[in-house]
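The values are calculated or read from the model by the stated rules, or taken from the named source; none is laboratory data. What you see is a predicted model, and the numbers here were worked out from it, not measured in a lab. Virtual Cβ from ideal backbone geometry, glycine too; neighbours counted across all protein chains shown.
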Amino acid sequence: MTAPLTVRKPAGAPKGGVIVIQEAFGITDHIVDVCERLADAGYLAVAPAMFHRAGSPIVAYDDIPAAIEVMSALTPAEMASDVDDALNYLLSEGLTMQQCGITGFCMGGTVTYHTAVRLPLGAAVTFYGGGVAAGRMGYESFIDEVGKLQTPWLGLFGDLDRGIPFADLELLRTAGEKVVTEIEIVRYPEADHGFHCPDRPAVFHQASSDDAWKRAVAWFDSHLV
């Protein structure tokens, strides 16, 4: 079963392509907006609908049990298949693997990291993906897999995120110093989980969001060649 794709194209020839992996809430307006912002930055952006096996629901941000239910039904193999559907689209548009990157948020941030382990893409950017010290969603932990990274990886996290303790991030940072692949971790002291989503006013943090977005685009600009 092929994942439906949300595609946004830049005005001119793309500088590269970026796969956008959703939060646990589906292909929300926020995810579409991320695709549009990437297109404005010159990238061909594509977001696979990871929940298509369940009818591609969009879950309300305050309905965490529903989000967990539909997210928990996915396997790593299914998520890899959906990522590959998006990647194959980018490759069919004439881009190379080195010109393709991936980014994701929450659930998508975890998928992004493990895609960077599985595939040699040009760049990967995780926004607050969980599973740093203990595996989740059927994956091993970030720390356990760090030595297998094939893609330069940038991680963007908030210190107020109780689900991703910053002490775990520092352990990951230390482990990452021993590997060849380029790794960078950025922590935002005033940011909570979901800080980049303006549709979640309880956790959205403008200053952290702005800085994280600049860093994400700069990471793609410097690596997707």
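Please enumerate the residues belonging to region 108-130 that are assigned to a helix (DSSP H, G or I), within 8 Å of the chain's Cα centre (by Cα) and not β-branched (V, I, T).
Within region 108-130, G108, G109, Y113 meet the criteria.
Can you report the number of residues in region 157-174 which are assigned to a loop (DSSP other than H, G, I, E, B) and of a type in the set (D, E, K, R)?
3
Please go through region 1-25 and give me each residue that is more than 15 Å from the chain's Cα centre (by Cα) and assigned to a loop (DSSP other than H, G, I, E, B), ordered by number.
M1, T2, A3, P4, K9, P10, A11, G12, A13, P14, K15
Of the residues in region 50-90, how many are more than 14 Å from M107 (Cα to Cα) and of a type in the set (F, W, Y)?
Total satisfying the criteria: 1.
Does region 39-53 hold any residues that are farther than 16 Å from I21 by Cα and surrounded by 14 or more Cβ atoms within 10 Å (Cβ to Cβ), and which are they?
A41, G42
Please state which one of L44, L38 is aliphatic (A, V, I, L, M), in a strand (DSSP E or B) and either in contact with a strand residue (DSSP E or B) (Cβ under 8 Å, 6 or more places away or on another chain) or modelled with pLDDT under 95 (or both).
Going through L44, L38 in turn, just one is aliphatic (A, V, I, L, M), in a strand (DSSP E or B) and either in contact with a strand residue (DSSP E or B) (Cβ under 8 Å, 6 or more places away or on another chain) or modelled with pLDDT under 95 (or both): L44.
One line per residue, one yes/no per condition, for (1) of a type in the set (S, T, Y); (2) farther than 22 Å from A191 by Cβ; (3) touching a Gly at 6+ places or on another chain (Cβ under 6 Å); (4) crowded, with 19+ Cβ neighbours inside 10 Å:
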site	(1), (2), (3), (4)
P65	no, yes, no, no
S72	yes, yes, no, no
A80	no, yes, no, no
G101	no, yes, yes, yes
M107	no, no, no, yes
T110	yes, no, yes, yes
L119	no, yes, no, no
V132	no, no, no, yes
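When you check G26 against the structure, is it of a type outside the set (F, W, Y), crowded, with 19+ Cβ neighbours inside 10 Å and either in contact (Cβ under 8 Å) with a residue 24 or more places away in the chain or closer than 20 Å to V225 by Cα (or both), yes or no?
Yes; evaluated as a whole, the condition is true for this residue.
What do you reckon, is G176 at positive phi and modelled with pLDDT of 95 or more?
It is false that G176 is at positive phi and modelled with pLDDT of 95 or more.
I'm checking my understanding of the structure. Among residues of region 197-221 that are polar (S, T, N, Q) and free of Cβ contacts under 8 Å to residues at least 24 places away in the same chain, which one is farthest from G122 (Cα to Cα)?
Only one residue fits best here, namely Q206.
Within region 179-223, how many residues are part of a loop (DSSP other than H, G, I, E, B) and within 16 Å of the chain's Cα centre (by Cα)?
5
Would you pick out the residues in region 12-29 that are of a type in the set (G, A, S) and farther than 24 Å from D221 by Cα?
Scanning region 12-29 gives A24, G26.
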